[in-house]
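K.L.:
Sending over a structure as structure tokens; questions will come in a sec.
The values are calculated or read from the model by the stated rules, or taken from the named source; none is laboratory data. Just so you know, these numbers come straight off a predicted model, no measurement behind them. Don't worry about glycine lacking a Cβ; one is built from the backbone with ideal geometry, like all the others, and counts go over all protein chains shown.
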Amino acid sequence: MRVAIANFSEPITAELDYAAYWAGRERPPMGPRVSLFEQPHRWGFHIHAIGIHMLDTGAAADVEYWDFSDGRLLSRGPNGLLWVTFLNEDDLGAYLDRFGCPDLFINHGPCGEPVLERLAGRCFRVHVPALRRQGSGTANRGAECYLVDAEEYLDERSMMYVPVVNTHRIYPDGSPERVDFVYLATARPEKRHDIVVDAVRGTGITGHFHPVDASAFDLSGTRIRTSDWNERDVVDLLRSARMAVYAGDETSNPAAMWECVAAGLPIVVNEDIRGGKHLVVSGVTGELAAPAAFRKQVEHVLAHLDAYRPREYFEERWDTTRTLEAYLAFFARMGLG
């Protein structure tokens, strides 16, 4: 089986001879590769994992990752994944004309909806809508089945989505704790770092924002440190904190939340987050908090750390391999041959 997984950025406008470009390219062959749990920690594990697991088990002969970018790419990663970047949908269409369609296509996010439509009737399609555009409605459409991030979207052809974690790399190890909380989120408005800053300003609560440039926020009166991309190892950051926070509202099912819980950190999450609330089990993995009550919930969790058991609950309910196998079994029930 040939598998393609996508998490598309916005397409790039261009007028080129796409067919001529792909006519001169060859897909690099599969060589020696590392397995799912052998690969180093990096962004995208949760997106690529199902394909890499299929390579590990022999369920897939080849797995590709698709994206749009102003720089085309056609190369293998150490885990065997074929990275292919296109300028836009027409560029991807020329690639498909040259190399054919996959048997299974898994799309993450709204930018891939035109590709889902292009592949209708040509392969088995799975859609992971995640953050849904305002006004687009809540119906699952445009694919054979769906992985959804909130119970309101569940129907007869959908399953709850849990971003899997490399639990062989991310786990509690008893490292000396150096800060009260860590927040893993880029400095974008929907991540609502301001809620956290306002909650801890004037207190003795210590924290760390990553990946964030130090100039992105007014951190005066706080004890929050920052580090930008590649300045700190994420696994080390998780092990250096007592708990985690996630203050985003117009965001959905962030994999970083699951990484925090897998690392053994209880997490306080904005109750206005649009998807992913099924991670937060009160008194076990963490707490939901209204923005105005964020400080109160952070203080509560810090005062009762020993009462939470996030890693144990994670392993019981969201074991990486069992979760991936559950997805594949679901796809089969929905018609994947």
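K.L.:
Please identify the pairs in which a residue from region 13-36 that is farther than 21 Å from Gly80 by Cα has its Cβ atom under 8 Å from the Cβ atom of a residue that is among the charged types (D, E, K, R) and assigned to a loop (DSSP other than H, G, I, E, B), counting only partners at least 6 apart or on another chain.
P.N.:
Pairs found: Tyr21/Arg72.
K.L.:
Between Glu325, Glu287, which is in a helix (DSSP H, G or I) and not hydrophobic (A, V, I, L, M, F, W, C)? Explain how you work it out, then say what you get.
P.N.:
Numbers: Glu287 fails: in a helix (DSSP H, G or I).
Of the residues listed, the single one that is in a helix (DSSP H, G or I) and not hydrophobic (A, V, I, L, M, F, W, C) is Glu325.
K.L.:
Which pairs have Cβ atoms under 8 Å, sit 6 or more apart or on different chains, and link a residue in region 134-158 that is more than 22 Å from Leu104 (Cβ to Cβ) to one that is modelled with pLDDT of 85 or more and assigned to a loop (DSSP other than H, G, I, E, B)?
P.N.:
From residues that are more than 22 Å from Leu104 (Cβ to Cβ), the pairs are Ala150/Arg274; Ala150/Gly276.
K.L.:
If a residue has to be without any contact (Cβ under 8 Å) to a residue 40 or more places away in the chain and of a type in the set (A, V, I, L, M) to count, how many in region 298-314 make the cut? So that I can check it myself, show each step before the final result.
P.N.:
First, pick out the residues of region 298-314 that are without any contact (Cβ under 8 Å) to a residue 40 or more places away in the chain: 300, 303-304, 306-307, 309, 312.
Now drop any that are not of a type in the set (A, V, I, L, M), which leaves 303, 307.
Here the count works out to 2.
K.L.:
Would you call Leu219 out of contact with any His (no Cβ under 8 Å at 6 or more places or on another chain) and assigned to a loop (DSSP other than H, G, I, E, B)?
P.N.:
When the stated conditions are applied, Leu219 passes them.
K.L.:
Can you find even one residue in region 112-120 that is touching a Leu at 6+ places or on another chain (Cβ under 6 Å) and in the same structural domain as Ala61 (by TED's automatic domain parsing)? So that I can check it myself, show each step before the final result.
P.N.:
Start the filter on region 112-120 by keeping residues that are touching a Leu at 6+ places or on another chain (Cβ under 6 Å), which leaves none.
Checking region 112-120: not a single residue is touching a Leu at 6+ places or on another chain (Cβ under 6 Å) and in the same structural domain as Ala61 (by TED's automatic domain parsing).
K.L.:
How about region 309-330: which of its residues are over 16 Å from the mean Cα position of the chain (by Cα) and among the β-branched types (Val, Ile, Thr)?
P.N.:
Hit for region 309-330 is Thr321, nothing else.
K.L.:
Go through (1) buried (at least 21 other Cβ atoms within 10 Å of the Cβ); (2) under 20 Å from Leu288 (Cα atoms); (3) hydrophobic (A, V, I, L, M, F, W, C); (4) modelled with pLDDT of 95 or more one by one and return the number of the condition Ile205 breaks.
P.N.:
Evaluating Ile205 over (1) buried (at least 21 other Cβ atoms within 10 Å of the Cβ); (2) under 20 Å from Leu288 (Cα atoms); (3) hydrophobic (A, V, I, L, M, F, W, C); (4) modelled with pLDDT of 95 or more leaves (1) as the failure.
K.L.:
While we're looking at this one, here's another question. If you take the residues of region 34-59 that are outside any helix (DSSP H, G or I) and polar (S, T, N, Q), which of them is modelled with the highest pLDDT? Walk me through how you get there before you give the answer.
P.N.:
Residues of region 34-59 that are outside any helix (DSSP H, G or I), as a first pass: 34-44, 58-59.
Pick out the ones that are also polar (S, T, N, Q) and you get 35, 39.
Numbers: Ser35: 97, Gln39: 90.
The selected residue is Ser35.
K.L.:
Follow-up. Please state which one of Ala263, Ala289, Ala293 is buried (at least 21 other Cβ atoms within 10 Å of the Cβ), of a type in the set (A, V, I, L, M, F, W, C) and without any contact (Cβ under 8 Å) to a residue 40 or more places away in the chain.
P.N.:
Values: Ala263 fails: without any contact (Cβ under 8 Å) to a residue 40 or more places away in the chain; Ala293 fails: buried (at least 21 other Cβ atoms within 10 Å of the Cβ).
Just a single option satisfies the conditions, and that option is Ala289.
K.L.:
I've got another one for you. Taking region 1-35 on its own, how many of its residues are under 21 Å from Arg125 (Cβ atoms) and either surrounded by 13 or more Cβ atoms within 10 Å (Cβ to Cβ) or touching a Ser or Thr at 6+ places or on another chain (Cβ under 7 Å) (or both)? Break it down into steps so the answer makes sense when it comes.
P.N.:
Looking only at region 1-35, we keep the residues that are under 21 Å from Arg125 (Cβ atoms), and these are 1-11.
Filter again for either surrounded by 13 or more Cβ atoms within 10 Å (Cβ to Cβ) or touching a Ser or Thr at 6+ places or on another chain (Cβ under 7 Å) (or both), leaving 1-9, 11.
Matching residues across region 1-35 total 10.
K.L.:
List, please: which pairs have Cβ atoms under 7 Å, are six or more places apart or on different chains, and start with a residue in region 226-240 that is farther than 12 Å from Leu184 by Cβ and in a loop (DSSP other than H, G, I, E, B) and end with one that is modelled with pLDDT of 95 or more and not charged (D, E, K, R)?
P.N.:
Filtered contacts from region 226-240: Asp228/Pro211; Asp228/Val212; Ser240/Val179.
K.L.:
Name the single residue that is surrounded by the most Cβ atoms within 10 Å (Cβ to Cβ) among those in region 315-333 being of a type in the set (A, V, I, L, M) and in contact (Cβ under 8 Å) with a residue 12 or more places away in the chain. Spell out how you get there, then give the answer.
P.N.:
Looking only at region 315-333, we keep the residues that are of a type in the set (A, V, I, L, M), and these are 324, 326, 328-329, 332.
Cutting the leftovers down to in contact (Cβ under 8 Å) with a residue 12 or more places away in the chain gives us 324, 326, 328.
Numbers: Leu324: 21, Ala326: 15, Leu328: 16.
Within region 315-333, the match that is surrounded by the most Cβ atoms within 10 Å (Cβ to Cβ) is Leu324.
K.L.:
Give me a count of the residues in region 1-33 that are in a loop (DSSP other than H, G, I, E, B) and within 25 Å of His46 (Cα to Cα). Let's see the steps before the verdict.
P.N.:
The initial filter retains those residues of region 1-33 that are in a loop (DSSP other than H, G, I, E, B), namely 1, 7-17, 24-33.
Keeping just the survivors that are within 25 Å of His46 (Cα to Cα) gives 1, 7-11, 27-33.
Of the residues in region 1-33, 13 are in a loop (DSSP other than H, G, I, E, B) and within 25 Å of His46 (Cα to Cα).
K.L.:
For region 79-105, name all the residues that are among the hydrophobic types (A, V, I, L, M, F, W, C), touching a Lys or Arg at 6+ places or on another chain (Cβ under 9 Å) and within 16 Å of Phe68 (Cα to Cα). Spell out the reasoning first.
P.N.:
In the first step, residues of region 79-105 are kept if they are among the hydrophobic types (A, V, I, L, M, F, W, C); the result is 81-84, 86-87, 92, 94, 96, 99, 101, 104-105.
Pick out the ones that are also touching a Lys or Arg at 6+ places or on another chain (Cβ under 9 Å) and you get 81-84, 86-87, 92, 96, 99, 101, 104-105.
Answer for region 79-105, where residues must be among the hydrophobic types (A, V, I, L, M, F, W, C), touching a Lys or Arg at 6+ places or on another chain (Cβ under 9 Å) and within 16 Å of Phe68 (Cα to Cα): Leu82, Trp83, Val84, Phe86, Leu87, Leu92, Leu96, Phe105.
K.L.:
For Gly71, which of the numbered conditions (1) within 26 Å of Cys260 (Cβ to Cβ); (2) at pLDDT below 95 fails to hold?
P.N.:
(1)
K.L.:
Which of (1) surrounded by fewer than 21 Cβ atoms within 10 Å (Cβ to Cβ); (2) in contact with a strand residue (DSSP E or B) (Cβ under 6 Å, 6 or more places away or on another chain) does Glu152 not meet, given it meets every other one?
P.N.:
So Glu152 meets the others, but not (2).
K.L.:
Of all residues in region 274-284, which are out of contact with any strand residue (DSSP E or B) (no Cβ under 7 Å at 6 or more places or on another chain) and either outside the structural domain of Arg192 (by TED's automatic domain parsing) or part of a loop (DSSP other than H, G, I, E, B) (or both)?
P.N.:
Correct list: Val281, Gly283, Val284.
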